[in-house]
Amino acid sequence: MFYRDERLALFIDGSNLYAAAKALGFDIDYKLLRSEFMQRGKLLRAYYYTALLENDDYSPIRPLVDWLHYNGFNMVTKPAKEFTDSQGRRKVKGNMDIELAVDAMETADHVDHIVLFSGDGDFRPLVEALQRKGCRVSVVSTIRSQPPMIADDLRRQADNFIELEELKDVVGRPPREPRMDDRMPADQSAD
């Protein structure tokens, strides 16, 4: 539930939201997402968190990051770490949980409602702390994928759970066809 006069802030865990939308078979149209939440309340900030591979000649996430930055999103990025696992596979790690948590705690004194786009159970203590500061917290993720993309304890802690699939007609667009030269960007890998 949203109230038109409440001050909102969005916190988007980029890799988690990407994975949830992909599991449901659509891409997020961030312009529509921002517009949707501007209608639900007084949107003060929209933060997007992602790790970037700095040494790649081309990163498929770079155009999205640039677009979001120029279109009113507060971008929080850091270099991803690249490593080889025990089976010799190239892996990319880029966890942005601490940055998101710190920003949310700092923002809590200036907003009434925080919307967290993530199903990561590590955020349950953050949601609880935000609630103690007087913020209402909505969590956007999905239970309709196999397996569900939201931790049960995070969903239960939130004041409001928003099923991402129910936003599909409002903020979704069909997934684009991957090109042959596309490689998985850092924020699209699992933690």
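The values are calculated or read from the model by the stated rules, or taken from the named source; none is laboratory data. Quick caveat: nothing in here was measured; it's all calculated off a predicted structure. Virtual Cβ from ideal backbone geometry, glycine too; neighbours counted across all protein chains shown. Only protein heavy atoms, including side chains, enter the accessible area calculation; ligands, DNA and RNA are left aside. Shrake-Rupley method; radii C 1.70, N 1.55, O 1.52, S 1.80 Å.
Laid out as a table, the results:
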item	result
Qualifying residue in segment 66-75 (condition: over 25 Å from residue 156 (Cα atoms), at pLDDT below 95, open to solvent by less than 30 Å² (accessible area, probe 1.4 Å) and of a type outside the set (Ser, Thr, Tyr))	no
Residue satisfying all of: in segment 104-123; more than 14 Å from residue 151 (Cα to Cα) and not in a helix (DSSP H, G or I); most open to solvent (accessible area, probe 1.4 Å) among these	112
Any hit, segment 54-69, residues being over 24 Å from residue 121 (Cα atoms) and aromatic (Phe, Trp, Tyr)	yes
Within segment 115-139, tally of residues that are closer than 17 Å to residue 8 by Cβ and in contact with a Ser or Thr (Cβ under 8 Å, 6 or more places away or on another chain)	5
Considering residues of segment 76-103 that are β-branched (Val, Ile, Thr) and modelled with pLDDT of 85 or more only, the residue surrounded by the fewest Cβ atoms within 10 Å (Cβ to Cβ)	98
Lone qualifier among 32, 44 - being at pLDDT 95 or above, within 25 Å of residue 142 (Cβ to Cβ) and surrounded by fewer than 18 Cβ atoms within 10 Å (Cβ to Cβ)	32
Selection within segment 1-16 - assigned to a loop (DSSP other than H, G, I, E, B) and either of a type in the set (Lys, Arg) or open to solvent by less than 30 Å² (accessible area, probe 1.4 Å) (or both)	4, 6
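Per-residue answers, yes or no, for (1) modelled with pLDDT of 95 or more; (2) within 15 Å of the chain's Cα centre (by Cα); (3) surrounded by fewer than 19 Cβ atoms within 10 Å (Cβ to Cβ); (4) not in a helix (DSSP H, G or I):
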position: 125; (1), (2), (3), (4): yes, no, yes, no
position: 153; (1), (2), (3), (4): yes, no, yes, no
position: 167; (1), (2), (3), (4): yes, yes, no, no
position: 181; (1), (2), (3), (4): no, no, yes, yes
